[in-house]
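Single-structure report; data block below.
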Amino acid sequence: MTNDTTMVTSEEHEDATVGDRPDPGEEAIFRSGFACFVGRPNVGKSTLTNALVGQKIAIASDKPQTTRHVIKGVVTRPDAQLILIDTPGLHRPRTLLGERLNALVHDTWSSVDVIGVCFPSNQRIGPGDRFLVGEIASLSKKPKLIAVATKTDLASPTRLREHLLDIQALGEETGLTWEHIVPVSATTDDQVGLLLDLIVSLLPPGPVYYPDGETTDEPTETLIAELIREAALREVTDELPHSITVQIEEMGLREGRPDDKPLLDIFASLIVERESQKPIVIGRGASRLRRIGTEARQQIFHLLGTPVYLDLRVKVVKDWQTDAKSLNRLGF
């Protein structure tokens with residue numbers, strides 16, 4: 001790590017080296033570009049992306065491989081436009097789906113200006129982190145790198161101080177240059193604004209890519225499918241999270257409704273790989289499926305502001321994670 005790396009801390013961690021927030025008056029040029037957060041599963045990448053965008057565009061779960069699509073979130077402000085790309089977590093793949101997800105990650109790394117490498121503050125740096133950092137170190141052309149100590153609300157000041165030093169040492173061991181090391185908590189909004197300023201300061205001068213007010217370019221159907229899958233992941237716990245995906249079969253405003261009382265009809269399938277998995281998702285007396293539908297409807301209403309009728313079925317697509325044709329039909 002070079003000497004100009006800054007370790008940026010909040011007031012409660014003032015005993016570490018403090019770096020200053022970039023001065024917005026230093027340059028009058030407009031900056032724009034692309035960034036992504038990377039890390040092993042459940043380090044807070046999607047939650048942090050949502051916090052920076054100011055709107056939920058990516059689902060979050062404590063299950064590995066929760067993120068399966070590359071989703072863009074747009075942050076526009078007077079001096080810059082940042083496009084955040086939420087990617088799947090890099091992992092050692094066991095299925096064709098896993099291989100395709102890893103390919104998405106590597107393709108994204110080669111196209112962004114800044115990578116934020118996330119290390120959860122409530123966990124020690126482990127083999128998964130070292131594998132990930134090693135993959136980044138092997139890139140022939142590296143973007144600017146920021147190390148992000150996530151979930152600081154779950155770590156004591158002493159633990160956080162040790163964690164920041166471990167991150168610094170990992171950069172030195174692997175030959176990576178951290179432009180900044182920043183502890184943040186997306187949950188408590190601690191230093192999220194500072195992190196945004198630091199990322200923007202590393203972007204090149206550039207144009208406005210998206211109209212002001214646009215927060216994502218993802219199709220509404222994709223966002224809705226992800227919200228349904230998020231609700232399902234919360235219900236199935238550890239039983240079959242990898243085997244579930246969601247397909248929107250039909251969607252549209254119900255005809256004949258008054259303009260001031262719209263109702264969005266959504267017909268969707270929760271897809272699993274084997275017949276034996278259907279009763280797990282459905283639950284006794286369809287209780288689990290009803291809970292999934294109730295939570296998903298609430299999240300969709302929060303996203304769109306329109307009341308929702310959700311018809312949710314469970315469908316089997318045998319071994320869809322390993323079948324190329326099924327993956328293509330499901331959009332992977």
Heads up, the range 102-210 by the C-alpha gyration tensor (a ≥ b ≥ c square roots of eigenvalues; a/c under 1.5 rounded, else a/b over b/c prolate, else oblate) looks oblate
So, R0 is 25 Å and r is the distance between the beta-carbons of residue 301 and residue 249; what FRET efficiency does that work out to, to 0.05? 0.80
Which lysines have a Cα less than 16 Å from the Cα of residue 45, not counting those fewer than 8 places away in the same chain? 56, 63, 72, 151
Efficiency of FRET from Cβ geometry, residue 290 and residue 138, R₀ 51 Å, rounded to 0.05: 0.60
Taking neighbour Cβ counts within 10 Å as the exposure measure, how do 309, 210 sort from fewest upward? 309, 210
Hey, rough spin-label estimate for residue 156 and residue 29, points 7 angstrom out along Cα→Cβ, what's it come to in nanometres? 4.7
Which residues qualify? For residue 32, with a placed amide H closer than 5 Å and at least 5 residues away or on another chain, they are 81, 206
Taking amide H atoms as placed 1.01 Å from N in the peptide plane, list the residues 5 or more away in sequence, or in a different chain, whose amide H sits under 5 Å from that of residue 148. 117, 118, 119, 182
Quote the charge dipole size of the range 220-329 about the Cα centre in Debye, to the nearest 20; the model charges only the Cβ of Lys and Arg (+1) and of Asp and Glu (-1). 340
So, R0 is 25 Å and r is the distance between the beta-carbons of residue 324 and residue 221; what FRET efficiency does that work out to, to 0.05? 0.65
Would you kindly derive the ³J(HN,Hα) couplings of the range 324-329 from the backbone phi angles with the Karplus curve 6.51 cos²θ - 1.76 cosθ + 1.60 (θ = phi - 60°), listing them in order in whole Hz, with x for Gly and Pro? 4, 5, 5, 4, 5, 5
Short version: ³J(HN,Hα) in whole Hz for each residue of the range 204-214, in order, from phi by Karplus 6.51 cos²θ - 1.76 cosθ + 1.60 (θ = phi - 60°), x for Gly and Pro, what are they? x, x, x, x, 7, 8, 10, x, 4, x, 7
Label 7 Å along Cα→Cβ of residue 309; the range 252-285 residues with amide nitrogen under 20 Å? 252-270
Hz values of 3J(HN,Hα) by residue in the range 100-110 - Karplus curve (6.51, -1.76, 1.60), Gly and Pro given as x: 5, 5, 4, 5, 4, 4, 5, 4, 5, 4, 7
Going by how many other Cβ atoms sit within 10 Å of their own, how do 43, 192 line up, fewest first? 192, 43
Pop out the Kirkwood hydrodynamic radius of the range 220-329 from its pairwise C-alpha distances, inverse of mean 1/r, in Å to one decimal. 14.5
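Where a number appears in this text, it was derived from the coordinates with a stated rule and is not lab data. The model shown is predicted, which means the values in this text are computed figures rather than measured ones. Positions of Cβ are backbone-derived with ideal geometry, glycine not excepted, and every protein chain shown enters the neighbour counts.
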